[in-house]
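So the structure is just underneath, and the comments pick up after that.
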Amino acid sequence: MEVESLATEEQEKDGLRATAEDMEGQGTPNEAEIAAQMWAGIATKISGELGIARSKVDSVIRLLDEGNTIPFLARYRKEQTGGLDEEAIRSIDERLDYLRNLETRKLEVMRLIDEQGALTPEIRQLLETAETLQRVDDIYRPYRPKRRTRASMARERGLGPLAEWLLLRPETGDPLERAAEYVNLEAGVASAEEALAGARDIVAEILADDPEVRAWARQWTAGHGEISTEATDSEARTTYEQYYDYCEPVNRIPPHRVLAINRGEREKVLRVRITLEAEPIVAYLKRRLMREGPKSSPADAELALVAKDAYDRLLAPAVERDVRNALTEEAEQQAIRVFGANLKALLLTPPIRGKVVLGLDPAYRTGCKIAVVDATGKLLETTVVYPTPPQKRIEEAEQVLLKIIDEHGVDLIAIGNGTASREAEAFVAGLIPKAERSISYVVVNEAGASVYSASKVAREEFPDLDVSERSAVSIARRLQDPLAELVKIEPRSIGVGQYQHDVSGKELSTTLNGVVESAVNRVGVDLNTASVPLLSYVAGISPSVAANIVAKRESEGPFGERKELLSVSRLGPKTFEQCAGFLRVPGGRYPLDNTAIHPESYPVAEHLLAELGFAVDDVAERDRTKLCQRLSALDAQDWAERLDVGLPTLEDIIEALQRPGRDPRDEFPQPILRKDVLTMDDLRPGMMLEGTVRNVVDFGAFVDIGVQQDGLVHISELSNRYVRHPLDVVSIGDIVKVRVLSVDIERGRIALSMRDIGEEKLG
C-alpha cells in the first residue's frame with residue numbers, strides 16, 4: 001500500500017510538471033514548483049475530508065485516471081479500492097474534480113495577477129492556501145478588469161494620492177485643505193468637496209474588495225441576517241400566501257423553503273431580501289480602516305463616512321447576493337440528494353414478471369387510451385374508450401375492455417395517475433367483478449410518460465402509434481419492469497423529489513445519470529433484450545456503442561456469449577472490461593455469462609467448481625442444492641489463498657455461483673394490487689390503512705392509500721423517535737401502515753401518521 005501511495009504521488013507530480021512546463025512556456029516564472037506544491041496535496045486533502053485512508057484514495061484516483069468507471073471499480077476492483085462502495089468512490093471523484101479545478105484556477109489567477117506586475121509573495125501565499133473557488137475569486141477581485149466605477153473615474157481624475165493619504169491616517173492635516181490641492185477643472189474636479197468625495201469612493205472600493213472583509217461580512221450576514229419576503233400583490237391568491245409577510249433567520253431556513261421562495265421571486269409574486277442590523281458591520285469596517293497608524297487622525301471622520309458608504313453601496317448588495325447564492329446552492333444540493341435517493345428507490349422497484357398488462361392512460365374529453373402488452377412487453381393491441389366525463393360511455397367501455405381482457409388473458413391493469421385518474425380507477429374497480437378472469441389494478445406514477453411518448457426513442461419503437469397510445473404502452477411496461485422503461489426518460493422528468501426543475505440542470509443531470517447508472521449496473525442487463533437507452537447506462541457503454549450492439553443483435557440474431565461483444569463496432573477491450581460483468585446472457589452457451597462473475601475471473605470460478613467436483617454446466621441446472629451446500633460450507637479465506645485470488649473477489653464469485661441470474665430488486669416489497677376503490681369521502685380520522693410511499697421530500701413523505709390524492713405523513717409523524725430526514729425512515733416503494741389524521745376534501749389534502757401504529761388492524 002505504501003508503495004502504491006508513493007507511486008501515485010510521483011504520477012501526480014509528473015502531471016504537474018507537464019502543467020507547469022506549459023505555463024513556463026507562457027513566461028510565468030516558478031510555476032512548476034507552485035503547481036507541484038498545490039497538486040501534490042489533493043489526495044491527502046480528500047483523505048482527511050472524507051475520512052478515507054490515503055492509500056485507498058490514491059488507488060481510486062489512479063484507477064479513475066486510467067479510464068475506469070465507478071460501477072466497475074466498486075464491483076470488480078475491491079482489492080485495489082479497499083472495498084469502497086459506489087457512494088464513497090463517487091464522493092472521491094466529485095471532490096477530486098472540484099479540487100483539480102480549484103488548483104487550475106489558482107494557477108490561472110496567479111498568472112493574471114503576475115501579468116499586471118502585482119503578484120507579491122503575500123498574494124501568492126493567500127492563493128496557495130485558498131480552499132474554495134469563492135476565496136480565489138475574492139483574492140482576484142481587486143485585480144479583475146472592471147467596468148467604469150465611481151472609484152475608477154476618481155482615479156482618472158488624479159485622486160488616487162488623496163485616497164492614499166486618507167488611508168495612511170496622518171496625525172496632522174485637514175482633509176479639506178489637503179483635498180483643495182487636487183481641484184482641477186480640466187480633470188473635472190471643481191471643488192475640494194468633490195475631490196474628497198472621489199477619494200472616499202476609491203477607499204470604499206478598496207475596502208469592499210478586500211477578501212478578508214468580504215469573507216467576514218458574508219459570515220456575519222449568514223449568522224445574523226434574516227430572509228424577509230413580502231407579496232408584490234397582497235390581494236392575489238397564490239400558492240405562496242404563507243410567504244406574503246414572512247421572516248426567518250438565514251442560518252435556520254430549510255432548503256425546500258429557500259427554493260420555494262426563489263420560485264415565488266422568479267414568478268414575480270414575492271419580493272425577497274436579507275435584513276440585518278448594519279451597525280455591527282459598519283463598526284467592523286471602521287476598525288479595519290483605522291487599525292493601523294495613530295489612535296486618532298483628522299482623516300477618521302472621512303473614513304467613518306467611507307465605512308458606511310462601502311457597506312451600503314458596495315458590500316451589502318454583493319454580500320446579500322453571495323449569501324443568497326450560497327443558500328440556493330445548498331438547497332439545490334439537498335434537493336438533488338433527495339431526488340437522487342427517490343430516483344434510486346423508484347428504479348429499484350420490483351418488476352412484476354410473467355403478467356399480461358393492460359395500460360390505461362386516463363383523460364376526459366379525448367378518452368382513455370388503452371395498450372395491452374404481453375409478459376415480455378410486446379404490444380398486442382391499442383384502443384380508446386370513453387368511460388370518463390363528459391362522454392361517460394361506461395357500458396360501451398366495459399364491453400370493449402372485457403373482450404380485450406378475455407382475448408389476451410390480461411392479468412393486471414396499470415392506471416396512470418394523471419388527469420381523470422380518479423374516475424378511471426372507479427371505472428376499473430367496477431369492471432373487475434364482471435371479468436371472467438381474476439384481475440387486479442395498480443395506479444402507476446405516469447410522470448415522464450408524455451415526455452417518453454413524444455421522444456425519438458418512442459417514435460423509433462412505435463412509429464405507427466400516436467403520442468397518447470405510446471404513453472399507455474409506457475404505463476403498462478412500467479409495471480412489468482420499471483427500470484427498463486424509466487431509463488428511456490430524461491431523469492429530471494420523472495416525478496419524484498421536489499423542485500427538480502428549479503435546480504442547476506448540469507449538476508442535477510450529472511447526479512441523476514450517476515443514480516441511473518448505479519441502478520442499472522446493480523441489477524444487470526439482459527444483453528439480448530435490452531434497449532439502446534438501457535444499454536447506454538451500462539458501465540463503459542456509450543449511446544453509439546449501445547446502438548451498435550442492438551444493430552448487431554437485430555441483424556445477426558441473439559448473442560450466445562459475452563465475448564461476442566468484442567466483434568461489435570467501436571467496442572474495444574477497455575469497454576469490454578468495463579461492461580462485460582454487468583451484461584447477462586440467459587440461456588447462452590456459457591452459464592457463467594448469466595452471472596455477475598466478470599470474464600477475467602472465469603478461470604478462478606472454473607477452478608473452484610472443479611475442485612468441488614462440479615462442472616460449469618451445473619451452475620445452470622434448476623436444482624443446485626448440492627452446489628449451494630458445498631459453496632456455503634467453504635472457508636472463503638482459505639480458498640482465496642489456495643486459488644491465489646483476493647478475498648472480496650472470491651466472496652463475490654461464490655455468491656454469484658449460488659444465485660445466478662439474481663435480481664436484487666426481488667428483495668424489495670411488491671406493489672399493492674387492488675380490486676376496489678376508496679374515495680376521500682370514505683376516509684375518517686383514526687382509520688388504519690396500508691399504502692405505498694410515492695414521494696419523499698424534506699418535510700415528509702407522500703403515501704398512496706388508494707385514493708386519487710396521496711396523503712402526507714409529515715416528518716413529525718413518521719416515527720415515535722426524532723427523525724432527522726424522512727429518507728432515514730422511508731423510501732419510495734415502501735409499503736407502510738398509516739393512520740388517517742385529518743381529511744380536507746375542499747383543498748384535497750389528507751394528513752397521515754405512522755406514529756404509534758403497532759399491531760393495530762387495518763380497516
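Data table
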| quantity | calculated |
| --- | --- |
| All-pairs Cα distance distribution in the stretch 680-753, expressed in whole percent, bin size 5 Å | 3, 19, 31, 26, 15, 6, 1 |
| Sites matching GluC sites (Glu not before Pro) across the stretch 191-259 that sit in DSSP coil, with at most 16 neighbouring C-beta atoms within 10 Å | Glu235 |
| Loop sites in the stretch 670-763: trypsin sites (Lys or Arg not before Pro), DSSP, at most 13 other Cβ within 10 Å | Lys675, Arg721, Arg724, Arg747, Lys761 |
| Of Lys378/Lys737; Lys78/Lys574; Lys378/Lys626; Lys355/Lys488; Lys56/Lys106; Lys344/Lys506, pairs whose Cα-Cα distance is over 29 Å | Lys378/Lys737; Lys378/Lys626 |
| Compactness of the chain, expressed as Rg and Dmax over alpha-carbon positions, Å | 33.0, 105 |
| Total charge dipole magnitude, the chain, about the Cα centre, Cβ charges on Lys, Arg, Asp, Glu only, Debye to nearest 20 | 1400 debye |
| Evaluated over the stretch 551-667, the Cα radius of gyration and Dmax, each in Å | 15.1, 47 |
| Aspartates and glutamates with Cα under 12 Å of Lys268, excluding same-chain neighbours fewer than 8 positions away | Glu230, Asp233 |
| Degrees between helix 31-40 axis and first principal axis of the chain (Cα, 0 to 90, nearest 10) | 40 degrees |
| FRET efficiency, Thr529 to Glu277 (Cβ-Cβ, R0 51 Å, nearest 0.05) | 0.20 |
| Ordering of 393-406, 579-592 by packing [mean C-beta count within 10 Å, highest first] | 579-592, 393-406 |
| The stretch 180-238: trypsin sites (Lys or Arg not before Pro) falling in loop per DSSP and having at most 12 other Cβ within 10 Å | Arg237 |
| R0 of 35 Å, Cβ-Cβ distance Asp623-Arg589: FRET efficiency to nearest 0.05 | 0.95 |
| Set of aspartates and glutamates with alpha-carbon distance to Lys563 below 20 Å, sequence-local pairs under 8 removed | Asp526, Glu554, Glu577, Asp593, Glu600, Glu606, Asp617 |
| Partner aspartates and glutamates for Lys295 [C-alpha distance under 13 Å; skip if fewer than 8 residues away on the same chain] | Glu171 |
| Over the chain: helical MRE at 222 nm, DSSP H runs n ≥ 4 each giving -39500 (n - 2.57), nearest 500 | -15000 deg cm²/dmol |
| DSSP bridge pairs, the chain: antiparallel proportion in percent, nearest 5 | 75 percent |
| Gain on full stretching of the segment that runs from Gln333 to Thr44 - 0.36 nm per residue minus C-alpha separation | 101.6 nm |
| Which of Pro671, Leu592, Gly691, positive extreme of dipole for the stretch 579-725 (C-beta unit charges) | Gly691 |
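Rule-based calculations on the coordinates, nothing more; no lab input. No experiment lies behind these values; they were computed from the predicted model shown. Cβ: placed from backbone, ideal geometry, glycine included. Neighbour counts: every protein chain shown.
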